[in-house]
Amino acid sequence: MPGPGGDVVLSEIVDDDVEAVVALWRACGLTRPWNDPYRDLADARLGETSTVLVGRAARDLPALGDGAADSDDAGPGDVVVRAGEVVATAMAGVDGHRGWLYYVAVDPRLQGCGTGRAVVVAAEAWLAARGARAVRLMVRSTNEAVRGFYERLGYVDQDCVVLGRPLGAPDARDAGR
Ligand SMILES: CC(C)(COP(=O)(O)OP(=O)(O)OC[C@H]1O[C@@H](n2cnc3c(N)ncnc32)[C@H](O)[C@@H]1OP(=O)(O)O)[C@@H](O)C(=O)NCCC(=O)NCCS
């Protein structure tokens, strides 16, 4: 699966990606103290109806996107991402009724140049190939800024309130959230 402009190649996660994926989620502010990202990753990789798609730099890349300004150690055109580095993710799973997306993330140095769209489109295709006829995702109320991104991709407010409770004995992961 080639990414935007051939700069990012998308495929399913492999064992060697785990540390880089968790680091990317942390850099993108997607981890929470009550969710162990390693366990989330392991759970998603367990079944045949869920996965984590990973985008890797197809070649050495300069900071391309809006995050370029944050790369204060690098000058214009300097390589900041090495070929093969993990730069994007999307966790996808079919729950027997719909497809769901989690952990959509793009390396801040490459944001704003089509990688987010590419990884979401790839995850949608992965879900559709496994029978999902609709896709849903949750956006934290503290992450209002990202709604414009999903709207550009055709996502609309489903006019639902998400309710939840832990199952089984509470643990540090769930803590009632
Ligand atoms: C959200 C995120 C994945 C977007 O990735 P990206 O590579 O920057 O997005 P793209 O460049 O592919 O943008 C796709 C389209 O959305 C638009 N877009 C991107 N972010 C936007 C925003 N915050 N508001 C409005 N539009 C936005 C782009 O302009 C582009 O429009 P176009 O295709 O019509 O030109 C990335 O910003 C990110 O990792 N954020 C931090 C983690 C996060 O919040 N994830 C979502 C959790 S629910």
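The values are calculated or read from the model by the stated rules, or taken from the named source; none is laboratory data. Everything quoted here is computed from the prediction, not taken from an experiment. We place every Cβ from the backbone using ideal geometry, glycine too, and count neighbours over all the protein chains shown. We work out accessible area using only protein heavy atoms, side chains counted, and drop any ligands, DNA or RNA first. Shrake-Rupley method; radii C 1.70, N 1.55, O 1.52, S 1.80 Å.
When the chain is fully extended, how far beyond the present Cα-Cα distance does residue 26 get from residue 142, taking 0.36 nm per residue of separation?
On the way: separation 116, 0.36 × 116 = 41.76 nm, distance 1.59 nm.
So the chain would gain 40.2 nm between residue 26 and residue 142.
Averaged over its residues, the chain has an accessible area of 58 Å² per residue, based on protein heavy atoms and a 1.4 Å probe.
Accessible area of residue 142 (1.4 Å probe, protein heavy atoms only, ligands and nucleic acids ignored): about 120 Å². Using r as the Cβ-Cβ distance of residue 157 and residue 78, and R0 as 30 Å, what FRET efficiency do you calculate, to the nearest 0.05? After rounding, the FRET efficiency stands at 0.15.
Using a 1.4 Å probe on the protein chains only, how many percent of the accessible area of the chain belongs to carbon and sulfur? Walk me through the intermediate numbers first.
Details: 5230 of 10220 Å².
Exposed carbon and sulfur together represent 51 percent of the surface.
Please check: in the Gaussian network model of the chain (C-alpha springs, under 10 Å), which one of 25, 34, 126 has the largest mean-square fluctuation. Maximum fluctuation in the GNM of the chain, among the listed residues, is at 34. Charged side chains reduced to their Cβ positions (Lys and Arg at +1, Asp and Glu at -1) give the chain a dipole of some 620 debye around its Cα centre. When each of the peptides 91-97, 16-22 is scored by the mean number of other C-beta atoms lying within 10 Å of its residues, the order from highest to lowest reads 91-97, 16-22. Taking the charge dipole of the chain about its Cα centre, with +1 at Lys and Arg Cβ atoms and -1 at Asp and Glu Cβ atoms, the residue from 83, 169, 62 reaching farthest to the positive side is 169.
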